[in-house]
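In what follows, a single structure is set out as structure tokens and then discussed.
Here, each number is a calculation from the coordinates, and none is a lab measurement. Bear in mind the structure is a predicted one, so any value in this text is a computation, not a measurement. Here Cβ is always computed from backbone atoms with ideal geometry, including for glycine, and neighbour counts include all displayed protein chains.
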Amino acid sequence: MTILTLSKLTKRYGGTTVLDEVSLDIAAGERVALLGHNGAGKSTLMKLVLGLIHADGGRIEVAGHAPGSAVARSLTAYLAENAAFHPAITGREQLCYYLRLRGQPVKQADELLEKVGLADAATRRIGTYSKGMRQRVGLAQALIGNPRLMVLDEPTSGLDPVSRREFYALLDELAAKGTAVLLSSHALSELEARTDRMVILAKGKQVAQGTLADLRSDAALPLTVTIFPKAEQAPQVAEAFPEAQIFEDRVTFTCAPDEKLAVLERIVALRGHIADYDLHAATLDDLYSHISRRVA
Amino acid sequence: MFSRILATAALEFAIARRNRWVVVSVAMMILFSLVLAFAGAAPAGQLAVDPLSVTVASLISLAVYLVPLIALLISFDAIAGESERGTLALSLTYPLARTELLLGKLVAQLAVVTIAVVAGYAVAAVAAFATGGVEAADGLPALWRLVWTSVLLGAAFLSLGHAMSCLSRRPSGAAAMAIGLWLVMIVLYDLALLAAVVADDGGAFTTDVFPWALVVNPADAFRIFNLAASGAVDAASGLSGAASSIAAWKPLAAIVIWPVLAATLARLSFQRVTP
């Protein structure tokens, strides 16, 4: 079942087009990541979905309802980038407020705080919280009332690696219950491949969409091969790999993904001259910058 | 709808309490009331009027300055502060209408103003009873009138503060606008009227425009309504002469209409805010 539908969504500010005919569907239980540099249009897209601003063209539907309508709001949860709350109130008070706004019993507040690891800080003022703790308050409020659609703007930006893992575990749990998740990030490596699909935006245009495997095979980025010759054996190795760059203790070269096996065979053939070797696939960051550069 | 307004009001009141706004407002009102109760009662001792009415007459001049100031101080951060923290966008993604959010804040802040006003006047009233005995009871209607008109005056300036908060979008800018508004509406407005009356020297401005100009400003309307209705002659106020010549329903209407007008203005300004 489709929860969120965007078709040819366009938004302009003055003369500049911030979003240019972006189309996207998210089904129940699906986790979709929105990737792009700062200013690529991620936050604008999210604000449109939340009904905080209005589109200049195209259409948005949240489970069949207009964005920002009472029904759409009751189905949608949002976590803002760098969530900040009034420093004078406690984490529990803040959550009780949001529970009341959603018409949920306030006794869930402690349960939610427990879930995001803030049980001990529940009665402390938010002014004393660290950035990561504030982000957790934001996450806790987004979990209220099992939303059908969750919109998360750079949710992991303030979190340490361990908290990030826990965060994705929570997302998995939600998705398993049927929540559609749209989250944004400015780095592919931050997502840790924990989303079902990625949509890459550059200058307001949708430039790629698919699973991580799709994106990898489309980009066909070369691998980096490094060979460490045994002592005094460097000339033989360099001769066998004329395409390589020669360094004092190693030779390196790149190869296309589909040549990987052939290269491995050549390495094995030189077994007597080689001490060690390394094979590096392109990192997620390499892949991401390749895709966004291809468009620009 | 009411549960969301109440939830917002409860949170806002907690914030006002923690921010010491409640304590500061109450302390300000009590301090100035005490000073007036003792300073104001001394020269009026020989007059036939009861001591509480005399105190009320002094309190009117105090309230005209202090109530709008307190209201603006409490309210200027309402929208600009939330906008800066980013909680405004979050709140507006909840099933919470802009009107509900604004009303919730107004209810909480009006509670703070009411507590401060009641505490301040109560102290002055106790002082009046202590010096004048049972005779002071004659001034109770005037005191009651002062209380509810002060609350309405506070409501008007709270909403004006919200409008400033929406229009400036930054807490620092909203603070500057609020102080500017206070200066213009409370201080400069009267000075300008006075200057105009002097320059006009009994001409058309003084007879036709001036009475309306006095009623249109909520602070002046508040002063005139209370002075005229209390019947106490306040030597400290230069406007008392004018007050007696204006029908009481005009300032009363202004006092009642301004909170509604200001709240509408705040709501319209809020509509222009994009979180």
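General remarks:
- FRET efficiency, 1/(1 + (r/R0)^6) with R0 45 Å, evaluated for B:A253 and A:K205 via beta carbons: 0.15
- Residues of segment A:211-241 with amide N under 14 Å of a point placed 7 Å along Cα→Cβ from A:T254: A:219-226
- Cut-off of 10 Å, at most 16 other beta carbons, DSSP loop: longest stretch of chain A lacking such trypsin sites (Lys or Arg not before Pro): A:1-106
- Positive dipole terminus of chain B, leading residue within B:Y189, B:L158, B:M29 (C-beta point charges): B:L158
- Our helix-only sum for chain A, with -39,500 (n - 2.57) per DSSP H run of n ≥ 4 divided by its residues, gives a mean residue ellipticity at 222 nm of -10000 deg cm²/dmol.
- Nearest 10 degrees, 0 to 90: helix B:98-132 Cα axis against chain B principal axis: 30
- Estimated from helices alone, the mean residue ellipticity of chain B at 222 nm is -26000 deg cm²/dmol (sum of -39500 (n - 2.57) over DSSP H runs with n ≥ 4, per residue).
- Farthest toward the positive end of the dipole of segment A:24-148, out of A:H65, A:Y129, A:L112, is the Cα of A:Y129, where the dipole comes from beta carbon charges about the Cα centre.
- Between helix A:91-101 and chain A: long-axis angle, C-alpha atoms, 0 to 90°, nearest 10: 60
- Kirkwood Rh, Cα atoms: Rg over Rh of segment A:188-240: 1.30
- With q set to 0.16 Å⁻¹, the log10 of I(q)/I(0) for segment B:2-271, from the Debye formula over equal scatterers at the Cα positions, is -1.18.
- Cα point-scatterer Debye curve for segment A:44-132, base-10 log of I(q)/I(0) at q = 0.12, 0.13, 0.24, 0.26 Å⁻¹: -0.49, -0.56, -1.15, -1.24
- Exposure proxy ranking, count of Cβ atoms within 10 Å, fewest first, for B:I257, A:I3: B:I257, A:I3
- Pairwise centroid distance, computed over Cα atoms, of segment B:102-171 with segment A:218-238, Å: 82
- Computed about its Cα centre, the charge dipole of segment B:2-271 is approximately 1020 debye, with only Lys, Arg, Asp and Glu carrying charge at their Cβ.
- Taking the DSSP bridge list for the protein assembly as shown and keeping only pairs wholly inside it, about 65 percent are antiparallel.
- Rg(Cα)/(2.2 N^0.38 Å) for segment A:218-295, N = residue count: 1.22
- Positive-end extreme of charge dipole, the protein assembly as shown - chosen from B:V147, B:T93, B:G180 (charges on Cβ): B:V147
- Simple label model, 7 Å out from Cα along Cβ direction - B:F38 to A:Y13, nm: 5.8
- Counting every pair of alpha carbons in the protein assembly as shown, the share spaced more than 31 Å apart comes to 61 percent.
- Of all DSSP bridge pairs formed entirely within chain A, close to 65 percent run antiparallel.
- Computed E for B:A119/A:D160 - FRET, C-beta separation, R0 41 angstrom, nearest 0.05: 0.30
- 5 angstrom amide H check on A:M150, placed H, neighbours 5+ away: A:A77, A:A180, A:V181, A:L182
- Computed from Cα positions, the angle between helix B:189-200 and the longest principal axis of chain B comes to roughly 50 degrees.
- Using a simple spin-label model with pseudo-atoms 7 Å out from Cα toward Cβ, A:S74 and A:R216 lie 4.4 nm apart.
- Cα-centre dipole for segment B:82-181 with unit charges at Cβ (Lys and Arg positive, Asp and Glu negative), debye to 20: 400
- Residues B:M1, A:M150, arranged from fewest to most other Cβ atoms within 10 angstrom of their Cβ, appear as B:M1, A:M150.
- The charge dipole of segment A:135-225, taken about its Cα centre with unit charges on the Cβ of Lys, Arg, Asp and Glu (plus for the first two, minus for the last two), comes to roughly 180 debye.
- Per residue convex hull volume, Cα atoms of chain A, in Å³: 171
- B:S172-A:A28 pseudo-label distance in nm [points 7 Å out on the Cα-to-Cβ vector]: 5.0
- Note on A:81-90: average number of Cβ atoms from other chains within 10 Å of each residue's Cβ is 5.
- Checking every one of the GluC sites (Glu not before Pro) in segment A:206-296 against DSSP loop status and a limit of 15 other Cβ atoms within 10 Å picks out A:E232, A:E243, A:E248.
- Set of lysines with alpha-carbon distance to A:K177 below 19 Å, sequence-local pairs under 8 removed: A:K115
- Relative contact order of chain B, pairs being alpha-carbon contacts under 8 Å that are 6 or more residues apart, as %: 28
- Whichever lysines have a C-alpha closer than 24 Å to that of A:K42, once near sequence neighbours (fewer than 8 apart) are set aside: A:K8, A:K11, A:K131, A:K203, A:K205
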